[in-house]
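This report refers to the structure that appears directly beneath it.
Derivation of every value follows stated rules applied to the coordinates shown; laboratory data play no part. Everything numeric here is computed off the predicted structure, so don't read it as measured data. Cβ: placed from backbone, ideal geometry, glycine included. Neighbour counts: every protein chain shown.
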Amino acid sequence: MPSTAPVAQEQAYAQHIVNAQFPGQPGEAHAFDNVIQQESTWNPRAVNDTNPTAQGLGQLEQGPRAGTDYQTQLNAALHYMLQRYGTPDGAWAHETTSGWY
């Protein structure tokens, strides 16, 4: 079952994992926050209206990841951003031009 942690706790964890990956680059944590806000409004139980297989904080299509705790969801979202866009800033740039990441 997804965590019911307050959004501040989820955002603090997200900032921690992004800053660990990109030390001294606070813009990356800000971009990550923007993507998650846009995709799920920080709701770990969010389900995409147009694609119900996209779920959770990062709206990832890997269903089992979406149903896990917020830490797993955020780690999976960061991993996806790194693999597909190189950085959260790259993911946010794509989100702002395409409406999805």
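Remark: the range 7-98 carries a charge dipole of roughly 160 debye about the Cα centre, counting +1 on each Lys and Arg Cβ and -1 on each Asp and Glu Cβ.
Computed log10 I(q)/I(0) for the chain at 0.15, 0.16, 0.18 Å⁻¹: -0.51, -0.58, -0.75, from the Debye equation with unit scatterers placed on every C-alpha and solvent omitted. Applying both filters, DSSP loop and at most 15 other Cβ atoms within 10 Å, to the GluC sites (Glu not before Pro) of the range 7-101 gives GLU61.
In the chain, the calculated helix contribution to ellipticity at 222 nm averages -19000 deg cm²/dmol per residue, counting -39,500 (n - 2.57) for every DSSP H run with n ≥ 4.
Extension gain for GLU61-ARG84 works out to 6.9 nm (0.36 nm per residue, less the C-alpha to C-alpha distance).
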